[in-house]
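One structure is given here, and the rest of the page talks about it.
No lab work stands behind these numbers, since they all come straight from the coordinates. From a predicted model like this one, the values you see are computed outputs, not experimental measurements. Note that we place each Cβ from the backbone using ideal geometry, even for glycine, and neighbour counts take in every protein chain shown.
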Amino acid sequence: MNLKDLMKDYFLDLDAAGKDPHQKIAWCTSAGPAEILRAFGFKVYFPENHGAMLGATRTCMDTIPTANAYGYSPDICSYLTCDIGAHLKGFTPLTRAYGIQAPPKPDVLVYNTNQCKEVMHWFEFYAREFKAPVFGIHSPNLLPEIADSHIDTVYRQFKALIAMLEGICNKKLDLDNLKKTVKLSWEASGLWSEVLSHLKHKPSPLNFFDTTVLMGPIVMLRGTEQAKEFYSFLNLAVQEMIASETSSIPNEKKRIYWDGMPVWGRLKFMAELFKKNHTCIVASTYCNSWIYKDHDAADPLLSMAKNYLDIFINRNDAFKEKYIFDTVKDFAADGVIFHDSKTCPHNTNSQFNMPNRLREKGLPSLVINGDLCDLRCFSDEQSTTAIEAFLETL
Amino acid sequence: MDVLIQKYFWGIDCGSSEIKVVVCDASGNIIDKRKQPTLFPLLDHVVRALKTDDDKPSPFDSSGSLKEGHIITASGYGRHHIDFASHKLTEIKAHFMGVKKHLGLKKPYTIIDIGGQDSKVITIKENNIHHFEINRKCAAGTGAFIEALAHRLKLKLNNLTTIAEKHDKEMTLNSFCTVFAEQEVIKILMSGEKVENLIHALYKSVVKRVLEMTAITTDTIVFSGGVIAYHTGLVNLFKEQLKDKEFFTVPETQYCGAYGAALYGIEENPCSPNE
Ligand code: SF4
């Protein structure tokens, strides 16, 4: 199964749905309750993916200033600013990629603050723009552990969301549908997790720059048959790569853990930089973020409530530090590179001294400055020197 | 029997303001050194720095081809553009190698390398790079910051230390960003402040920014990099800030990176016993 075609079908289907008055569209955050929306039959669109597309195509550099001029600070999430700027300019990279004129208009917007509060401001902007209802799941944040009371808070909000969606769709939630989507989500994420675990192999068959692209379906199509099929296919393909000793990086010499967001606009540049230095990024916080191992069709809402609280970004520093340390060992990485992403402090873990704490535990760590989209915050030269000097020390 | 070929090891430190070149013999003895402003097209100026009109060694023959026995190693921001270099390494490792050879310190030490475009604080432990920090994206704490303000005040760069020595008052520049610092400087001068006090404050601000980059965890500090060569006044300010530390400055600080690059070339090309 071809990823390109899968994504194309997804966007064309969304576009068609947007033009069909009988089809409802929901906008959702990347770690939002997509399964509930799909169970109602919504077509689900993810603005963060749009932000990543704007970033990867570097068209964000035209749209971020538009949002800045409109009143959204250059210091806040550049997914938000580039996406809102694109909307204000009437621009979308979907046109060039798929001939789509604009993202589909939402009938409802659903966000979850388990990743950050920015999504609330972002979705509220669109709620005003489209005069559409918006629902926020306000999650307890940065948890040392997931207590029953936390799960209960989210569970009750899911119930309230369901009541609201029943009003919008004028039908009751079909529990079997929900169980089915939760099961599909769990299966796809299990397969994705297996794919990622194959990067433990030496030499690694894939690297971070492959997996940031391959993760598209687990974000945008989780809860569908297509996502499950894609990852079963991918899993087999990667196993074959391992059997034939296919190495993602020719002559792999060093292995790295990447923490934080990708620098979308410099993905190719970075991929080449690491390749040239015979270094494979074998594990990352980012790609591992969509593994919902505890989704349980037998108890869909409660298990979702737990899993969406349990995501890495929503855990406290002690948890994150241990997670990174253990994963580094598990993947036999030689060191950690932290991307200090200027406009996403939430997905940046270097700002509260974690690199020093890891160094003290004997784990070489480097911090590079940059941003997920805003290339004004990134320097090719400085990053190259820092990364190459770091690799020289390993 | 193998023919004995004299080997020359060339180190180029292609920095943002100057291209520095050092050539050594196989034992790391410096044969010659030279520099050239970083101008463009870059390669033409790198070649110009390697060639000389006099009888000093050059790695190129009259047709412009690389001569046998000449090994070139490139470092600095421009290293990736020097395609005829056999080896490339970052200026961080190059400075470390230069310092290591110059001083031969066995104890842990910290190299403070203030460059034209960035500054580095490199911690050396067990004779290896243990950790390093490069200043963030902005020019604060680098030569560029000093240059921008000197340019604005129409002062010659190599006069600044002498000017700063004449200060009679302690002042502080608060701004991190060069543009804001310029505004701050203008405001201070408008209020009638002496330029000597201002330059002293400018040096202090560079020292402060460098020390903010990372905690200095060793008892010994080594200065390297081009900026120290022009602004010796910075060294005294570091000494004032880092009391109880022991200080070294490598000879001809601006060539330390190029020298380290040449040494790296030697390390990568161990000579056979008959050479
Ligand atoms: S987690 Fe970061 S990148 Fe993602 S929406 Fe929030 S602020 Fe933006």
- line: Computed for the protein assembly as shown: size of charge dipole around the Cα centre, +1 on C-beta of each Lys and Arg, -1 on C-beta of each Asp and Glu, debye to nearest 20, value 780
- prompt: How do B:GLU184, A:GLU272 rank when sorted from fewest to most other Cβ atoms within 10 Å of their own Cβ?
  reply: A:GLU272, B:GLU184
field: Total charge dipole magnitude, region A:178-393, about the Cα centre, Cβ charges on Lys, Arg, Asp, Glu only, Debye to nearest 20
entry: 200
Sparse-neighbour loop sites [trypsin sites (Lys or Arg not before Pro); region A:42-147; at most 13 other C-beta within 10 Å; DSSP]: A:LYS131
- line: Measuring from the longest principal axis of the C-alpha atoms of chain A, the long axis of helix A:118-130 (C-alpha) lies at a number of degrees, nearest 10, equal to 40
query: Among A:THR385, B:THR232, what is the fewest-to-most ranking by other Cβ atoms within 10 Å?
result: B:THR232, A:THR385
- line: Listed by chain and number, the residues whose amide H is under 5 Å from that of B:THR249, excluding neighbours fewer than 5 places away on the same chain and using placed H, are B:PHE223
- line: With x for Gly and Pro, the residue-by-residue ³J(HN,Hα) of region B:11-26, computed from phi through the Karplus equation 6.51 cos²θ - 1.76 cosθ + 1.60 at θ = phi - 60° and given in whole Hz, is x, 10, 10, 8, x, 6, 10, 9, 9, 9, 10, 10, 10, 10, 8, 5
All lysines inside 25 Å of B:LYS245 as judged from Cα atoms, apart from same-chain residues fewer than 8 positions distant: B:LYS93, B:LYS100, B:LYS101, B:LYS106, B:LYS107, B:LYS120, B:LYS125, B:LYS204, B:LYS208
message: Check which residues have an amide H placed less than 5 Å from B:SER119's amide H, if you skip close sequence neighbours.
response: B:ASN135
Selection from B:ILE19, B:ASN29, B:LEU39 lying farthest towards where the dipole of region B:1-40 points positive, charges on Cβ: B:LEU39
statement: Only helices counted: for chain A, with every DSSP H run of 4 or more residues adding -39500 (n - 2.57) and the sum spread over all residues, [θ] at 222 nm is -16500 deg cm²/dmol
Alpha-carbon centroid distance for the pair region A:231-295 / region B:116-167, whole angstrom: 38
query: Considering amide H positions built from the backbone, and no H for Pro or chain starts, which residues 5 or more places from B:PHE60, or on another chain, come under 5 Å of its amide H?
result: B:LYS67
message: Given axes a ≥ b ≥ c from the Cα gyration tensor, I'd like to know whether region B:179-275 is rounded (a/c under 1.5), prolate (a/b larger than b/c) or oblate.
response: prolate
field: Peptide-level mean, for A:379-386, of C-beta atoms on other protein chains within 10 Å
entry: 5
- request: Please turn the phi angles of region B:72-80 into ³J(HN,Hα) values with the Karplus equation 6.51 cos²θ - 1.76 cosθ + 1.60 (θ = phi - 60°), one per residue in order, whole Hz, x for glycine and proline.
  value: 10, 10, 10, 9, x, 4, x, 4, 6
message: Quick check of the Kirkwood formula: for chain A, what is the inverse mean of 1/r over all pairs of different Cα atoms, in Å?
response: 21.4
task: Would you work out if region A:3-176 is rounded, prolate or oblate? Take a ≥ b ≥ c from the square roots of the eigenvalues of the alpha-carbon gyration tensor; rounded if a/c is under 1.5, else prolate when a/b is larger than b/c, oblate otherwise.
output: oblate
field: Qualifying trypsin sites (Lys or Arg not before Pro) for region B:186-275 [loop in DSSP, other Cβ within 10 Å: at most 13]
entry: B:LYS243
- request: For chain A, find the longest principal axis of its Cα atoms and tell me its angle to the long axis of helix A:3-19, 0 to 90°, nearest 10.
  value: 30
- prompt: By counting other Cβ atoms within 10 Å of each Cβ, how are B:ASP83, A:ASP334 ranked from fewest to most?
  reply: B:ASP83, A:ASP334
message: For chain B, what does the helix formula give at 222 nm: sum of -39500 (n - 2.57) over DSSP H segments with n ≥ 4, over the residue count, nearest 500 deg cm²/dmol?
response: -10500 deg cm²/dmol
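Checking the a/c ratio against 1.5 first, then a/b against b/c, what shape does the Cα gyration tensor give for the protein assembly as shown?
The shape class here is prolate.
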query: Taking every residue in B:77-89, how many Cβ atoms of other protein chains lie within 10 Å of its Cβ, on average?
result: 1
Trypsin sites (Lys or Arg not before Pro) restricted to DSSP loop in region B:102-152 with at most 12 other C-beta within 10 Å: B:LYS106
